[in-house]
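Asks: Quick one: the structure is below, and I'll ask about it shortly.
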Amino acid sequence: MADVAGVLTMLVRQGATVAVAESLTGGLIGAAITSVSGSSRAFRGGVISYATDLKHELLGVPAELLAREGAVHPEVAAAMAAGVARLCGATYGLAVTGVAGPEPQDGRGVGTVHVAVCGPGGQISARELSLKGSRERIRVETVDEAVDLLAGVLKANKGEHSG
């Protein structure tokens, strides 16, 4: 299980905030973050963009990219992360898009997930996952992997955003 409280502590220490853009997790990341007491000091909010058109309309993912690659693609995750950071006025945007099942989507198999963090200056860190198991297991593991990616980015940026 990801250390959500630790991530929030790092964000607060750095004077930073985070917003989330979720597709396959349907709000589970935001729920995990807000389950921690004091999360409002670093959590700005989020967008559940389950439908592909909302990724474009709300988060600014280029329509051409969605038409060419579909919603399950690393560039889509990166654009979602950048879009939610901008939309919510957050230091970091954390985004997930993928296929939880039971059927493949956009030619991508069940368990294909893309996670991205957009940091200050638009720097993108990303991870591609190939998860196994039930729909629920894929969704829960995606939350853990997303929080873990954000933790790694925060550790790497330690001290750069305080003040």
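Every number in this text was worked out from the coordinates using simple rules, so none of it is lab data. Note that the coordinates shown come from a computational prediction; the quantities given were computed from them, not determined experimentally. In this analysis, Cβ positions are derived from the backbone assuming ideal geometry, glycine residues included, and neighbour counts consider all displayed protein chains.
Asks: Which value, in debye to the nearest 20, describes the size of the charge dipole of the chain about its Cα centre when Lys and Arg Cβ atoms bear +1, Asp and Glu Cβ atoms bear -1, and nothing else is charged? Let's see the in-between values first.
Replies: On the way: 14 positive and 16 negative charges, 91 e Å.
With only Lys, Arg, Asp and Glu charged at Cβ, the dipole is about 440 debye.
Asks: On to the next question. Could you list GLU141, GLU136 in order of exposure, starting from the residue whose Cβ has the fewest other Cβ atoms within 10 Å?
Replies: GLU136, GLU141
Asks: Now for a different question. How large is the helix-only mean residue ellipticity at 222 nm for the chain, computed as the sum of -39500 (n - 2.57) over DSSP H runs with n ≥ 4, divided by its residue count, in deg cm²/dmol to the nearest 500?
Replies: One gets -12500 deg cm²/dmol as the mean residue ellipticity at 222 nm.
Asks: Pick from GLY60, GLY107, GLY70: which residue has the top mean-square fluctuation in a GNM of the chain where Cα pairs under 10 Å get a spring?
Replies: GLY107
Asks: Out of these labelled values of Rg and Dmax of the Cα atoms in Å, (1) 14.5, 47; (2) 19.6, 63; (3) 15.5, 51, which was calculated from the coordinates shown here?
Replies: The calculated read-out lines up with (1).
Asks: Counting DSSP beta bridges with both partners in the stretch 4-156, what percentage is antiparallel, nearest 5?
Replies: Percentage antiparallel, nearest 5: 60.
Asks: Once you keep just the Cα pairs under 8 angstrom separated by 6 or more residues, what percentage relative contact order results for the chain?
Replies: Taking the mean separation of contacting Cα pairs over the length of the chain, I get 26 percent.
Asks: Related question: If we sort 120-130, 86-96, 37-47 on the protection proxy, mean other Cβ atoms within 10 Å, highest first, what's the order? Walk me through the intermediate numbers first.
Replies: On the way: 120-130: 14.0, 86-96: 23.1, 37-47: 16.7.
The densest-packed peptide leads the list: 86-96, 37-47, 120-130.
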